[in-house]
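First the structure, in the form of structure tokens, and then the observations on it.
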Amino acid sequence: QVTLVESGGGLVQAGGSLRLSCAASGRTFRFYTTGWFRQPPGRGREFVAAIRWSDANTGYADSVKGRFTISRDAAKNTVYLQMNSLNPEDTAVYYCAAGASDKMVLAGRPDYWGQGTQVTVSA
């Protein structure tokens, strides 16, 4: 069993930066692929980024490429999402996800979800 806890959300002005953290308790991340998803107001949940724990291979949604960076810290059992050049369209609840299958995580069907953290970007 894995419990995921996100932190780092908040209110930021357009052009600013935030770093989200996802800390895992229970089974360690090294057995999983970990991803970030977001749900903007009135819309469905969408993929943002993912990282494979074993080799740190990463993937990003086109909308965040070049602005967001996903990384991991093995010692802290934590995955991060560094978000730069934020714009109001990035406003959403951001969720951490982890799963044993890359395909399932990328499809939005991971084994585990965090509770979410709100990111609000003002114009």
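The values are calculated or read from the model by the stated rules, or taken from the named source; none is laboratory data. A quick note: this is a predicted structure, and the numbers were derived from the prediction, not measured. Counting neighbours? That spans all protein chains shown, and the Cβs are built from the backbone with ideal geometry, glycine included. Calculation scope for accessible area: heavy atoms of the full protein, side chains included, ligands and nucleic acids excluded. Shrake-Rupley method; radii C 1.70, N 1.55, O 1.52, S 1.80 Å.
Summary table below
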| quantity | calculated |
| --- | --- |
| Radius of gyration and Dmax over the Cα atoms of the range 5-59, both given in Å | 13.4, 37 |
| P(r) of the range 52-123 over all Cα-Cα pairs, binned every 10 Å from zero, in whole percent | 16, 50, 31, 3 |
| Stretch gain in nm, segment Thr120-Ser25, where the contour uses 0.36 nm per residue and the Cα spacing is subtracted | 31.5 nm |
| Amide hydrogen neighbours beyond the local backbone of Trp53, cut-off 5 Å, H modeled | Tyr32, Thr33, Thr34 |
| The range 1-111, Rg to Rh (Cα coordinates; Rh as Kirkwood inverse mean 1/r) | 0.94 |
| Label-point separation in nm, Glu46 to Ala74, each point 7 Å along Cα→Cβ | 3.4 nm |
| Pairwise FRET efficiency - Gln1 versus Ala61, Cβ, R0 = 25 Å, nearest 0.05 | 0.30 |
| Potential lengthening between Ser17 and Ala100 on full extension [0.36 nm per residue; Cα-Cα distance subtracted] | 26.9 nm |
| The chain: calculated mean residue ellipticity at 222 nm from DSSP helix runs of at least 4, using -39500 (n - 2.57) | -1000 deg cm²/dmol |
| Between the range 46-78 and the range 7-38, the alpha-carbon center distance in angstrom | 9 Å |
| Cα-based convex hull, the range 29-69, per residue volume (Å³, whole number) | 69 Å³ |
| Accessible surface, the chain, averaged per residue in Å² (probe 1.4 Å) | 49 Å² |
